[in-house]
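The values are calculated or read from the model by the stated rules, or taken from the named source; none is laboratory data. In this text the structure is predicted, and so the values were computed from the model without any measurement. FYI the Cβ positions are ideal-geometry reconstructions off the backbone, even for glycines, and counts take in every protein chain you see. Heavy atoms of the whole protein, side chains included, go into the accessibility calculation; ligands, DNA and RNA do not. Shrake-Rupley method; radii C 1.70, N 1.55, O 1.52, S 1.80 Å.
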Amino acid sequence: GQMNRQQHLQMANIIAQQTSLAQQLSHEQFIAQFKLQAQNSRQYLLSLQTKQQTFGSLSDIPTTLSQCPNLTRFPIWLAQYDEIRLVSGCSHTLASGTLVIAIDDESLYELKAQFISASAIALLLALLLGLITGLVFSMRVLKRINGFNQVAQRVESGEMSARVAVSTHHDEYDHMALHINTMLNQLQYSFETIAGITDAIAHDLRTPLSHLRQQIESEILNKQRQNQPTEPLESMLNKLDEVLFTFSAMLELTRLQQQREDNSQNFTQVHLQQVIVDAVDLIEPLAEAQQQSVTIDNKQDLSIQGDATLLFRAVYNLLENASKYAGENAQINVRLTDSGFIISDNGPGISDSEKEKVFQRLYRIEKSRGISGFGLGLTLVKAIVQLHHGSIELVDNHPGLAVKVQFTH
């Protein structure tokens, strides 16, 4: 662009110069000086057309030549190159004739082509370098972000010992990882403290309560020998058994969570279909008492590594909950899937706001407080499922509730 502007400026100066000389000199004097300038000009090709003849460097001038400053490209034989070349020129009317000024710009066009090629190559290289740099950077960033997400998912599933890896780069992600790990340490300490306090209370109270239970049983036997009523004592014994069961469930929950953290459980091959069939057989008398039907769909076999006793307890607890809360004449269904099972019912279900809360220790929804229970059933089930590297989710069954349990093979 700069070279083009410089050429147009010089051509304008030549035109202005020749216009001024044509006005000041006679025709013969102007022709003489023009011949001399055309002969000495090396960059520009100058010609002057009069009615009689043509003077200068261009002998064959096209008739369609543009008026200056517009340029027209046309071929012409150049003796200094001994070849036909493309030049750009224009015409301007003077008092002595028509001035034709042209420039051999073929080298300029070659330079433009080379510049465009070099620019295209440079642009492609810059794009390629930017793409490679962006991919490397994004892969590195995504790797770190995926690390954060994986830790968040592990903590969400109950693995409080999960921590974000800290690299040696000491960048912003490492500072974030340190803050997150500090927060997780505090959370883990708080959960362990609360669980430790409740477990200590349960453990310390279980012994005196067991002694109290023995005394109540002994008193019931004495009353029976004396043919005296024992209903008040039996009611007290039932209440005491509920308290002891709650303490035992809390201690067992802690044991399951510790096994999950330590990964010390020795698993064997378990046929999940047989576990479900056994649990359904055991729950059927309770379901029949409430005119409920329990069915099993898709009886394909699914084998996983686990503890058959714990898996049976998890399935039975879910079936017991379905039977307890679905109401009379409910339909309970168990369906085996490729990765686990789904237990569904057509009862009242659970609101979305409480689907996660019911997995907390001792949590009970308001409408179920009139039904016997301690709020530990689903907590134990979740601990058992997570011990077997699985996940549990509560979803709407429209109507009712569906419990989806999935295991990773």
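Checking residue 353 against (1) open to solvent by 30 Å² or more (accessible area, probe 1.4 Å); (2) modelled with pLDDT under 85; (3) not in a helix (DSSP H, G or I), which test does it fail?
Going through the list (1) open to solvent by 30 Å² or more (accessible area, probe 1.4 Å); (2) modelled with pLDDT under 85; (3) not in a helix (DSSP H, G or I), residue 353 breaks only (3).
With 209, 128, 205, 187 as the choices, which residue is farther than 30 Å from residue 361 by Cα and surrounded by 10 or more Cβ atoms within 10 Å (Cβ to Cβ)?
Working: 209 fails: farther than 30 Å from residue 361 by Cα; 205 fails: farther than 30 Å from residue 361 by Cα; 187 fails: farther than 30 Å from residue 361 by Cα.
None of the other options fit; the residue is 128.
Right, residue 109: assigned to a helix (DSSP H, G or I), closer than 30 Å to residue 47 by Cα and among the aromatic types (Phe, Trp, Tyr) or not?
Numbers: assigned to a helix (DSSP H, G or I): yes; closer than 30 Å to residue 47 by Cα: yes; among the aromatic types (Phe, Trp, Tyr): yes.
Yes; evaluated as a whole, the condition is true for this residue.
Scan segment 164-178 and tell me whether some residue there is open to solvent by 60 Å² or more (accessible area, probe 1.4 Å), touching a residue at least 24 places away in the same chain (Cβ under 8 Å), in a helix (DSSP H, G or I) and not aromatic (Phe, Trp, Tyr).
Taking every residue of segment 164-178 in turn, at least one turns out to be open to solvent by 60 Å² or more (accessible area, probe 1.4 Å), touching a residue at least 24 places away in the same chain (Cβ under 8 Å), in a helix (DSSP H, G or I) and not aromatic (Phe, Trp, Tyr).
Can residue 342 be described as out of contact with any Gly (no Cβ under 9 Å at 6 or more places or on another chain), open to solvent by 20 Å² or more (accessible area, probe 1.4 Å), outside any loop (DSSP other than H, G, I, E, B) and at pLDDT 90 or above?
On the way: out of contact with any Gly (no Cβ under 9 Å at 6 or more places or on another chain): yes; open to solvent by 20 Å² or more (accessible area, probe 1.4 Å): yes; outside any loop (DSSP other than H, G, I, E, B): yes; at pLDDT 90 or above: yes.
Here the answer is yes, as residue 342 does meet what is asked.
When only residues in segment 60-86 that are in contact with a strand residue (DSSP E or B) (Cβ under 8 Å, 6 or more places away or on another chain) and polar (S, T, N, Q) count, which is farthest from residue 4 (Cα to Cα)? Explain how you work it out, then say what you get.
Going residue by residue through segment 60-86, those that are in contact with a strand residue (DSSP E or B) (Cβ under 8 Å, 6 or more places away or on another chain) are 60-62, 64-78, 83-86.
Still in the list and also polar (S, T, N, Q): 64, 66-67, 70, 72.
Details: 64: 22, 66: 17, 67: 17, 70: 12, 72: 14 Å.
Ranking the candidates gives 64 first.
Answer yes or no as to whether residue 14 is at negative phi, touching a residue at least 40 places away in the same chain (Cβ under 8 Å) and of a type in the set (Val, Ile, Thr).
In short, yes.
Suppose the filter is among the polar types (S, T, N, Q), surrounded by 13 or more Cβ atoms within 10 Å (Cβ to Cβ) and either farther than 30 Å from residue 145 by Cβ or in contact (Cβ under 8 Å) with a residue 12 or more places away in the chain (or both); does residue 222 pass it?
Details: among the polar types (S, T, N, Q): yes; surrounded by 13 or more Cβ atoms within 10 Å (Cβ to Cβ): no; either farther than 30 Å from residue 145 by Cβ or in contact (Cβ under 8 Å) with a residue 12 or more places away in the chain (or both): yes.
Against the criterion (among the polar types (S, T, N, Q), surrounded by 13 or more Cβ atoms within 10 Å (Cβ to Cβ) and either farther than 30 Å from residue 145 by Cβ or in contact (Cβ under 8 Å) with a residue 12 or more places away in the chain (or both)), residue 222 does not qualify.
Being open to solvent by 50 Å² or more (accessible area, probe 1.4 Å), farther than 23 Å from residue 25 by Cα and assigned to a strand (DSSP E or B) is the filter here, so list the residues in segment 81-101 that pass it.
Of segment 81-101, the ones open to solvent by 50 Å² or more (accessible area, probe 1.4 Å) are 81-84, 86, 92-93, 95.
Next, from what is left, pick out any that are farther than 23 Å from residue 25 by Cα: 81-84, 86.
Selection gives 83, 84, 86.
Could you look through segment 35-80, keep only residues that are charged (D, E, K, R) and assigned to a loop (DSSP other than H, G, I, E, B), and pick out the one that is least open to solvent (accessible area, probe 1.4 Å)?
60
So which pairs qualify, if the first residue must be in segment 139-155 and closer than 14 Å to residue 176 by Cα, the second must be assigned to a helix (DSSP H, G or I), the Cβ gap must be under 6 Å, and the two must be at least 6 apart or on different chains?
Close Cβ pairs (under 6 Å, with a partner that is assigned to a helix (DSSP H, G or I)) amount to 144/173.
Need the failing condition index for residue 114 against (1) modelled with pLDDT of 85 or more; (2) open to solvent by less than 100 Å² (accessible area, probe 1.4 Å); (3) assigned to a helix (DSSP H, G or I); (4) not hydrophobic (A, V, I, L, M, F, W, C), just the number.
The number of the failed condition is (2).
Here is a check on your reading of the model: is residue 312 outside any helix (DSSP H, G or I) and either modelled with pLDDT under 85 or not hydroxyl-bearing (Ser, Thr, Tyr) (or both)?
So residue 312 does not fit the description; no.
So, in segment 356-390, of the ones that are surrounded by fewer than 18 Cβ atoms within 10 Å (Cβ to Cβ) and among the hydroxyl-bearing types (Ser, Thr, Tyr), which residue ends up modelled with the highest pLDDT?
363
Just one of the numbered conditions (1) open to solvent by less than 60 Å² (accessible area, probe 1.4 Å); (2) closer than 30 Å to residue 7 by Cα is not true of residue 151; which one?
Every listed condition holds for residue 151 apart from (2).
What are the residue pairs meeting all of these: first residue in segment 381-394, first residue at positive phi and assigned to a loop (DSSP other than H, G, I, E, B), second residue surrounded by fewer than 18 Cβ atoms within 10 Å (Cβ to Cβ) and modelled with pLDDT under 90, Cβ atoms under 7 Å, and 6 or more apart or on different chains?
Hits for this filter: 389/408.
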